[in-house]
Amino acid sequence: NQKSWDGHIDIAGNHRGFAAEVDQPIAALLTDLKQRGMLDQTLVVCGGEFGRLPIAQVGATPGRDHNPNAFTTWFAGGGIKGGVTYGATDELGYNAVENVVDVHDLHATMLQLLGFNHKQLTYRYAGRDFRLTDVHGNVIHDLIDS
(Lines give C-alpha, C1' and ligand atoms only; values in the text may rest on other atoms or scores of the structure.)
Protein backbone atom coordinates (compact mmCIF):
# COMPACT_ATOMS: atom_id res chain seq x y z
CA ASN A 1 0.00 0.00 0.00
CA GLN A 2 2.97 2.34 0.49
CA LYS A 3 3.74 2.51 -3.23
CA SER A 4 0.27 2.69 -4.71
CA TRP A 5 -2.36 5.23 -5.58
CA ASP A 6 -4.45 3.97 -2.67
CA GLY A 7 -3.08 6.74 -0.46
CA HIS A 8 -4.04 5.50 3.00
CA ILE A 9 -0.43 6.13 4.03
CA ASP A 10 1.65 9.15 2.99
CA ILE A 11 -0.82 10.53 0.49
CA ALA A 12 1.36 13.60 -0.08
CA GLY A 13 4.45 11.58 -0.96
CA ASN A 14 2.64 8.85 -2.88
CA HIS A 15 0.37 11.09 -4.93
CA ARG A 16 3.06 13.67 -5.65
CA GLY A 17 5.32 10.95 -7.07
CA PHE A 18 2.63 9.17 -9.06
CA ALA A 19 1.23 12.43 -10.41
CA ALA A 20 4.72 13.38 -11.59
CA GLU A 21 4.95 10.03 -13.42
CA VAL A 22 1.75 10.61 -15.41
CA ASP A 23 1.72 14.40 -15.82
CA GLN A 24 4.12 14.66 -18.76
CA PRO A 25 2.89 11.49 -20.54
CA ILE A 26 -0.73 12.67 -20.39
CA ALA A 27 0.29 16.12 -21.67
CA ALA A 28 2.29 14.45 -24.45
CA LEU A 29 -0.64 12.22 -25.41
CA LEU A 30 -3.05 15.17 -25.63
CA THR A 31 -0.50 17.27 -27.54
CA ASP A 32 0.19 14.44 -29.96
CA LEU A 33 -3.50 13.77 -30.59
CA LYS A 34 -4.12 17.49 -31.18
CA GLN A 35 -1.12 17.88 -33.54
CA ARG A 36 -2.25 14.88 -35.58
CA GLY A 37 -5.82 16.18 -35.79
CA MET A 38 -7.11 13.18 -33.86
CA LEU A 39 -8.20 14.79 -30.56
CA ASP A 40 -11.64 15.71 -31.90
CA GLN A 41 -12.29 12.03 -32.63
CA THR A 42 -10.60 10.54 -29.55
CA LEU A 43 -12.22 10.66 -26.12
CA VAL A 44 -9.67 10.67 -23.29
CA VAL A 45 -11.05 9.91 -19.82
CA CYS A 46 -9.11 9.99 -16.56
CA GLY A 47 -10.69 9.15 -13.23
CA GLY A 48 -11.02 6.61 -10.47
CA GLU A 49 -13.83 4.74 -8.83
CA PHE A 50 -14.14 7.12 -5.88
CA GLY A 51 -12.79 10.33 -4.43
CA ARG A 52 -10.75 11.03 -1.31
CA LEU A 53 -12.07 12.27 2.02
CA PRO A 54 -11.08 15.86 2.80
CA ILE A 55 -9.63 14.85 6.17
CA ALA A 56 -6.35 13.06 6.96
CA GLN A 57 -6.19 9.66 8.57
CA VAL A 58 -4.22 9.33 11.82
CA GLY A 59 -0.58 8.31 11.49
CA ALA A 60 3.03 9.47 11.21
CA THR A 61 2.58 9.98 7.44
CA PRO A 62 -1.17 10.41 7.11
CA GLY A 63 -3.21 9.41 4.14
CA ARG A 64 -6.83 9.90 3.24
CA ASP A 65 -9.59 7.31 3.11
CA HIS A 66 -11.98 6.71 0.22
CA ASN A 67 -14.85 9.14 -0.32
CA PRO A 68 -17.86 7.53 -2.00
CA ASN A 69 -19.73 10.87 -1.86
CA ALA A 70 -17.61 12.90 -4.30
CA PHE A 71 -15.07 12.19 -7.04
CA THR A 72 -13.27 13.86 -9.91
CA THR A 73 -13.08 12.70 -13.52
CA TRP A 74 -11.70 14.69 -16.43
CA PHE A 75 -12.35 14.38 -20.14
CA ALA A 76 -10.56 15.71 -23.20
CA GLY A 77 -11.35 15.57 -26.91
CA GLY A 78 -13.98 13.36 -28.49
CA GLY A 79 -16.69 16.01 -28.54
CA ILE A 80 -16.38 17.13 -24.92
CA LYS A 81 -16.54 20.88 -24.18
CA GLY A 82 -13.11 22.15 -23.20
CA GLY A 83 -12.48 24.22 -20.09
CA VAL A 84 -15.72 23.24 -18.33
CA THR A 85 -16.00 22.45 -14.64
CA TYR A 86 -19.22 20.64 -13.83
CA GLY A 87 -20.37 19.99 -10.28
CA ALA A 88 -19.10 21.01 -6.88
CA THR A 89 -18.74 19.69 -3.35
CA ASP A 90 -19.78 21.21 -0.06
CA GLU A 91 -17.37 23.57 1.70
CA LEU A 92 -15.55 20.60 3.27
CA GLY A 93 -15.21 18.62 0.03
CA TYR A 94 -17.15 15.77 1.58
CA ASN A 95 -20.40 15.61 -0.41
CA ALA A 96 -21.28 16.44 -4.00
CA VAL A 97 -23.88 19.20 -3.80
CA GLU A 98 -24.07 20.89 -7.22
CA ASN A 99 -24.79 19.16 -10.55
CA VAL A 100 -24.44 15.80 -8.82
CA VAL A 101 -23.35 13.10 -11.27
CA ASP A 102 -23.22 9.37 -10.70
CA VAL A 103 -21.27 6.72 -12.55
CA HIS A 104 -24.30 5.83 -14.70
CA ASP A 105 -24.42 9.44 -15.93
CA LEU A 106 -20.71 9.35 -16.76
CA HIS A 107 -21.16 6.12 -18.69
CA ALA A 108 -24.23 7.41 -20.54
CA THR A 109 -22.29 10.55 -21.50
CA MET A 110 -19.22 8.60 -22.64
CA LEU A 111 -21.40 6.28 -24.73
CA GLN A 112 -23.15 9.30 -26.28
CA LEU A 113 -19.78 10.81 -27.19
CA LEU A 114 -18.81 7.47 -28.77
CA GLY A 115 -21.98 7.54 -30.88
CA PHE A 116 -24.18 5.19 -28.86
CA ASN A 117 -27.55 5.79 -27.25
CA HIS A 118 -27.17 3.94 -23.96
CA LYS A 119 -30.91 3.27 -23.76
CA GLN A 120 -30.76 1.32 -27.01
CA LEU A 121 -28.24 -1.07 -25.45
CA THR A 122 -30.98 -2.58 -23.27
CA TYR A 123 -31.63 -6.29 -23.30
CA ARG A 124 -34.17 -8.31 -21.35
CA TYR A 125 -33.06 -11.29 -19.31
CA ALA A 126 -35.12 -13.23 -16.75
CA GLY A 127 -37.85 -10.58 -16.87
CA ARG A 128 -35.51 -7.67 -16.12
CA ASP A 129 -34.00 -4.96 -18.33
CA PHE A 130 -30.19 -4.72 -18.33
CA ARG A 131 -27.79 -2.30 -19.98
CA LEU A 132 -24.33 -0.86 -19.42
CA THR A 133 -25.82 2.03 -17.47
CA ASP A 134 -28.15 -0.39 -15.64
CA VAL A 135 -31.59 1.22 -15.89
CA HIS A 136 -30.20 4.60 -14.90
CA GLY A 137 -27.99 7.22 -16.45
CA ASN A 138 -28.63 10.58 -18.01
CA VAL A 139 -26.41 12.11 -20.66
CA ILE A 140 -24.80 15.29 -19.31
CA HIS A 141 -25.48 17.52 -22.29
CA ASP A 142 -23.75 20.52 -20.65
CA LEU A 143 -20.44 18.69 -21.18
CA ILE A 144 -20.94 17.96 -24.88
CA ASP A 145 -19.63 20.40 -27.47
CA SER A 146 -22.49 21.12 -29.85
Which of the numbered conditions does G82 fail, given that it passes all the others? Conditions: (1) within 18 Å of the chain's Cα centre (by Cα); (2) outside any helix (DSSP H, G or I); (3) over 22 Å from I140 (Cβ atoms). (3)
For the range 89-98, indicate whether the set of residues that are under 14 Å from the mean Cα position of the chain (by Cα) and open to solvent by less than 60 Å² (accessible area, probe 1.4 Å) is non-empty. yes
Residue count, the range 99-135 (criterion: out of contact with any Asp or Glu (no Cβ under 7 Å at 6 or more places or on another chain) and assigned to a loop (DSSP other than H, G, I, E, B)): 14
Has the range 18-29 got at least one residue that is modelled with pLDDT under 95, surrounded by 13 or more Cβ atoms within 10 Å (Cβ to Cβ) and part of a helix (DSSP H, G or I)? yes
In the range 30-76, how many are of a type outside the set (A, V, I, L, M), under 17 Å from the mean Cα position of the chain (by Cα) and not in a loop (DSSP other than H, G, I, E, B)? 9
Specify the residue that is surrounded by the most Cβ atoms within 10 Å (Cβ to Cβ); the eligible residues are those in the range 107-146 that are in contact (Cβ under 8 Å) with a residue 40 or more places away in the chain and touching a strand residue (DSSP E or B) at 6+ places or on another chain (Cβ under 9 Å). M110
Can you tell me which residue is nearest to D23 (Cα to Cα) among those in the range 37-81 that are open to solvent by 50 Å² or more (accessible area, probe 1.4 Å) and among the aromatic types (F, W, Y)? W74
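The values are calculated or read from the model by the stated rules, or taken from the named source; none is laboratory data. The model shown is predicted, which means the values in this text are computed figures rather than measured ones. Glycine gets a Cβ as well: all are built from the backbone with ideal geometry, and neighbour counts include every protein chain shown. Surface areas here come from the heavy atoms of the whole protein model, side chains and all, with no ligands, DNA or RNA. Shrake-Rupley method; radii C 1.70, N 1.55, O 1.52, S 1.80 Å.
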